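To start, the structure under review is shown below, and the notes come after it.
The values are calculated or read from the model by the stated rules, or taken from the named source; none is laboratory data. Everything numeric here is computed off the predicted structure, so don't read it as measured data. A quick note on method: Cβ atoms are made from the backbone with ideal geometry, for glycine too, and the neighbour counts reach across all protein chains shown.
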Amino acid sequence: MSKVRVLVGTRKGAFVLTSDGKREKWDVSGPHFAGFELYHLKGSPVDPNRIYASQCSGWFGQLIQRSNDGGETWEAVGNKFTYDGVPGTHQWYDGTAHPWEFKRVWHLEPSLTDPDTVYAGIEDAALFRSTDAGQNWSELPGLRGHGSGPHWAPGAGGMCLHTVILSPTDPQRIIIAISAAGAFRTDDGGQTWRPINQGLRSEHIPNPTAEVGHCVHHIAMHPTRPNTLFMQKHWDVMRTDNAGDSWHEVSGNLPTDFGFAIDVHAHEPETIFVVPIKSDSEHFPLDGKLRVYRSRTGGNDWEPLTQGLPQSDCYVNVLRDAMAVDTLDSCGVYFGTTGGQVYASSNAGDTWAPIVRDLPAVLSVEVQTLS
Amino acid sequence: MIRVLLPQHLRTLAQVHGEVQLEVEGQPTLRSVLDALEARYPMLCGTIRDHNTQQRRPFLRFFACEEDLSHESPDAPLPQPIANATEPLLIIGAIAGG
């Protein structure tokens with residue numbers, strides 16, 4: 001019998017939600033690490049019981065937790081993130097040079113092949129890797145050092161490296177995204193990097209088509225089509241079919257193309273999901289209606305999915321890492337809100353129901369499909 | 001022997017209850033006490049002092065004998081009641097918020 005485990009990071013702890021393959025009844029475990037911000041939790045694709053979690057607070061800084069039993073027990077592992085060499089500077093909000101300073105880990109991406117290897121995307125933006133199950137961390141300095149680093153500037157949420165995509169077909173290829181620098185790719189295992197932002201247009205920067213400076217919110221990929229990426233930019237939903245060499249807009253008939261979360265159906269590489277948000281100054285759904293939009297055509301043609309979601313007086317946000325899919329035959333889709341709800345659909349978005357309604361603000365949602 | 005009282009979240013992290021008792025060689029200082037604390041409870045590394053700068057985290061305070069030692073030199077001798085364990089060194093999470 002299949003089982004689904006949903007890993008939820010919130011402002012005040014982590015929660016583990018489990019169900020059988022029907023996804024009708026859920027057990028809720030937590031809060032784990034009560035009182036701490038859990039920016040992200042993610043399990044190893046190789047060993048699903050190996051889960052990594054980013055735990056932080058304004059009082060006690062950054063911690064990394066590791067579970068070897070599917071989230072029942074946890075162990076604090078290495079939390080020392082030291083930039084390689086002299087960190088240098090990036091741009092501050094006012095355009096002045098600002099020293100690179102470690103603040104927190106936004107995203108943990110376990111290796112597709114080795115449960116002891118895991119990547120960490122951090123603020124101020126850099127990519128780190130551990131090859132000993134999180135005990136020790138080393139920067140992949142080619143990213144910050146490739147040349148444009150001194151020109152990167154933070155978005156409103158900080159200068160965070162929030163997206164890490166490991167190619168399932170090319171172990172040397174990694175794609176990352178930084179707010180507000182843009183997307184970058186390495187094809188040599190992280191030694192050298194280049195911006196992959198051609199085709200992005202951002203009206204809020206001096207040169208709207210600049211090589212770097214774009215506020216990318218999230219990127220999603222279907223594992224069978226590693227060259228096709230879908231991006232929720234600050235404004236605009238974008239698509240590339242050549243691993244980021246060039247992008248084109250697929251916002252189509254979305255009522256607003258601002259948003260944070262984006263994901264791809266587990267079995268249909270041209271079916272994608274976004275949650276349109278009204279604007280960058282009003283981080284809530286348009287008209288108070290929480291709607292997931294689904295495109296079955298890889299973008300441009302979108303349909304609202306509303307059944308089971310609040311269609312009045314709803315003013316929550318859905319953050320960039322707070323949407324995920326399972327891989328059961330009928331693809332499940334999950335997302336969490338800043339209002340503390342985690343919604344699930346067991347039929348690719350046709351209908352929705354809340355698993356939980358009253359958690360702290362949800363920062364991240366990941367799903368594990370277990371056999 | 002030195003007595004140290006951690007804030008609740010750090011007691012949870014270190015899996016200890018109540019005060020921590022540490023052995024420190026020579027005249028105890030904030031630095032030597034924190035070094036001993038982190039050596040015995042490695043999971044606390046980086047949570048009280050920044051890993052790289054070794055500076056006290058801004059929202060933490062060090063109190064002892066009804067005095068705030070947070071801005072003292074980390075190498076200044078701690079008060080005698082701390083050194084002879086009649087008083088604990090208090091590591092306090094500062095109240096924040098409104």
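Of the residues making up the range A:31-56, those that are among the small types (Gly, Ala, Ser), within 14 Å of another protein chain (Cβ to nearest Cβ) and buried (at least 20 other Cβ atoms within 10 Å of the Cβ) number 2. Against the condition outside any loop (DSSP other than H, G, I, E, B) and aromatic (Phe, Trp, Tyr), how does residue A:128 come out, does it pass? So residue A:128 passes the test.
For the range A:109-133, which residues satisfy the criterion of being surrounded by fewer than 21 Cβ atoms within 10 Å (Cβ to Cβ) and among the hydroxyl-bearing types (Ser, Thr, Tyr)? Listed by number, the residues that qualify are A:111, A:113, A:117, A:131. Note on the range B:1-48: among residues that are in a loop (DSSP other than H, G, I, E, B) and in contact with a His (Cβ under 9 Å, 6 or more places away or on another chain), the one that is farthest from the other protein chains (Cβ to nearest Cβ) is B:45. Count of the range B:52-63 residues, restricted to those that are away from every other protein chain (no Cβ under 14 Å) and modelled with pLDDT under 95, is 0.
Residues in the range B:84-97 that are away from every other protein chain (no Cβ under 14 Å) and either on the phi > 0 side of the Ramachandran plot or small (Gly, Ala, Ser) (or both): B:85 only. Filter the range A:353-369 down to residues that are outside any loop (DSSP other than H, G, I, E, B) and more than 12 Å from the chain's Cα centre (by Cα) and give me whichever is surrounded by the fewest Cβ atoms within 10 Å (Cβ to Cβ). Within the range A:353-369, the match that is surrounded by the fewest Cβ atoms within 10 Å (Cβ to Cβ) is A:353.
Among all residues of the range B:70-83, there is none that is within 11 Å of chain A (Cβ to nearest Cβ) and out of contact with any Leu (no Cβ under 9 Å at 6 or more places or on another chain). Note on the range A:9-43: residues that are within 16 Å of residue A:345 (Cα to Cα) and in contact with an Asp or Glu (Cβ under 9 Å, 6 or more places away or on another chain) amount to 5.
Can you tell me how many residues within the range A:267-279 are assigned to a loop (DSSP other than H, G, I, E, B) and either surrounded by 15 or more Cβ atoms within 10 Å (Cβ to Cβ) or free of Cβ contacts under 8 Å to residues at least 60 places away in the same chain (or both)? Going through the range A:267-279 one residue at a time, the tally reaches 8.
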